[in-house]
Amino acid sequence: MPAQPRVLVVGASLAGLRSAEQLRSAGHTGPITVVGAEPYLPYNRPPLSKDVLADQRATTAADLAGRLAFRRRASTADVEFRLGEPVASADLADGVLVTVAGRSLSYDGLVVATGLRPRRLAVPGPLDGRHVLRTVEDCQALREAILTRPQHVVVIGAGFIGCETAATLRSLGHAVTVIEPAGPPMARVVGATLAAAVQRHHERTGIRFVIGAGVIAFTGTDRLTGVLLDTGEEIPADVVVEAVGSVCNTEWLAGNGLDLSDGVLTDNQLHTGSARPTVATGDIVRFPNPLFDDTPRRVEHWSTPTDTAKRAAATLVALLAGEEPAPVVFAPVPSFWSDQGDLRFQSFGSPALGDEVRVEEGNPEHLAGGLLATYHHAGRHLGTLAINLTADRQRELRAAFAAPVPTV
Ligand SMILES: Cc1cc2nc3c(=O)[nH]c(=O)nc-3n(C[C@H](O)[C@H](O)[C@H](O)COP(=O)(O)OP(=O)(O)OC[C@H]3O[C@@H](n4cnc5c(N)ncnc54)[C@H](O)[C@@H]3O)c2cc1C
């Protein structure tokens, strides 16, 4: 190993940036290069379904990326960013990546931080009028589509991004219909009873929900004019937003013996097990969290890149020094927030793992007035959901999150 091992970080978003920062904090003084498919420095995605989508001022995707760019810490001033240069393939045994442009990049240590892209519906019909929301380009395209006049918008998928998008577009005066085959909004995370209450809340603002129906086609010739459901109903649409989940950006890692069945499988230290030191961070990493059990899971929350980058950097620095990573159990408390109109959701732990929901405070019929729910399995408190509680109260709830942190 050279005196100054070279680290490549693939993926120039939040996880890539945090990984570079944490490598410096963990004492890595060698060269770090961050290679990113997007042509922008890392920027913040959550506003893309919230205030940036609601902002009607004319702008460009590049301006949005500039406005949302993360502040660069002094410790990463010498980190090289190669942007607009997707990695096409990797040879993890030899430590060489090849970019789509055909450039070879060699490394001693690798951080995989390539995140997700939106899943698309495989149904027939015109493409024009169909949107997704992950990048500043996606957001800009959707902003332009809705800017000119009130539109009939159909949001497909009632997960967090679907609900946020629906609430934002409704607040701008568009006619919004949300279609979800699986059940009421966000039911997998918040539970059926609260999901039904959230649906009623959004319905009172004028959003229409069609639950239990699937999309079988988009109607129209050159441009879509509607969405055809398996119930036979056709919903008029000028604009469709597909918010039907994500696909992990792992294709470039194929052929290296990694488990890529759902993101990148690692151990609890975020090490992939490759002979040449390779760790994964952010939305893409699937790791066991002993806070809950030993099942590896991916966690698509904004807090995950920061939590995982810290652990992964410590692991990589140790491996690059030829040492075993310190046997410290990695047990981060997942947390996310979601803004949907006048509702702010904040969660700690993993409500989705609970099968018993207890409403501790508040009235589900008046969510805007504040609500606290806890989620349990076999008597264990696994998650907390707060709706419209104060920041102080949220801090208390986070601190009080009851799951015990295991020791080695
Ligand atoms: C619209 C929206 C709203 C959100 N709102 C919230 C919220 O309110 N609360 C919350 O907790 N979380 C929210 N999130 C989730 C949060 O933004 C993500 O968890 C976070 O962005 C994950 O960061 P990441 O770096 O792991 O992945 P990503 O942000 O997906 O970044 C991965 C990067 O890797 C690049 N890449 C992919 N393939 C390659 C390749 N082959 N070569 C080089 N580069 C590659 C991609 O272009 C991308 O830039 C939201 C996400 C979106 C999209």
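The values are calculated or read from the model by the stated rules, or taken from the named source; none is laboratory data. Keep in mind the model is a prediction, meaning the values are calculated, not measured. Using ideal geometry, Cβ is built from the backbone for each residue, glycine included, and neighbour counts are taken over all protein chains shown. Protein only, heavy atoms only, side chains kept; ligands, DNA and RNA dropped before computing areas. Shrake-Rupley method; radii C 1.70, N 1.55, O 1.52, S 1.80 Å.
Key figures for this structure:
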quantity: Inter-label distance for ARG57 and SER75, nm, one decimal - labels placed 7 Å from Cα along Cα-to-Cβ; calculated: 3.3 nm
quantity: The chain: C-alpha pair distances exceeding 38 Å, %; calculated: 24 percent
quantity: Heavy-atom accessible surface of the range 1-134: percent carbon and sulfur, 1.4 Å; calculated: 52 percent
quantity: In nm, spacing of pseudo-spin labels at ALA399 and SER25 (7 Å Cα→C-beta vector); calculated: 2.1 nm
quantity: Stretchable slack from ASN363 to ARG204, in nm (0.36 nm times residue separation minus alpha-carbon distance); calculated: 55.6 nm
quantity: Computed over the range 120-242: relative contact order in percent, which uses C-alpha pairs under 8 Å that are six or more apart; calculated: 35 percent
quantity: Within the accessible area of the range 342-399 (1.4 Å probe), percent carbon and sulfur; calculated: 48 percent
quantity: Helix-derived mean residue ellipticity, 222 nm - over the chain, DSSP H n ≥ 4, -39500 (n - 2.57), to 500; calculated: -6500 deg cm²/dmol
quantity: Most to least accessible of TRP252, TRP337 (protein chains only, probe 1.4 Å); calculated: TRP337, TRP252
quantity: Ranked by how many other beta carbons lie within 10 Å on average, peptides 77-83, 279-285, 323-329 from highest; calculated: 279-285, 77-83, 323-329
quantity: Interchain or long-range residues, amide H under 5 Å from GLY226's placed H; calculated: THR219, ALA237
quantity: Packing rank of 179-190, 288-299, where each peptide gets the mean count of other beta carbons within 10 Å, highest leading; calculated: 179-190, 288-299
quantity: Antiparallel %, DSSP beta bridges [both residues in the chain], to 5; calculated: 60 percent
quantity: Relative contact order of the chain, defined on C-alpha pairs under 8 angstrom at six or more residues apart (%); calculated: 16 percent
quantity: Residues of the chain: accessible area per residue with a 1.4 Å probe, Å²; calculated: 42 Å²
quantity: Ordering of 153-165, 38-50 by burial proxy (mean other Cβ atoms within 10 Å per residue, highest first); calculated: 153-165, 38-50
quantity: Long-range Cα-Cα pairs in the range 120-242 (distance over 18 Å), rounded percent; calculated: 49 percent
quantity: Relative contact order computed over the range 210-321 (Cα-Cα under 8 Å; 6+ residues apart), in percent; calculated: 16 percent
quantity: Where a label projected 7 Å from the Cα of ASN256 along Cα→Cβ would reach, residues of the range 110-149 with amide N under 11 Å; calculated: 110-114
quantity: Sites ILE216 and LEU127 - FRET efficiency at Förster radius 25 Å, r taken between beta-carbons, to 0.05; calculated: 0.95
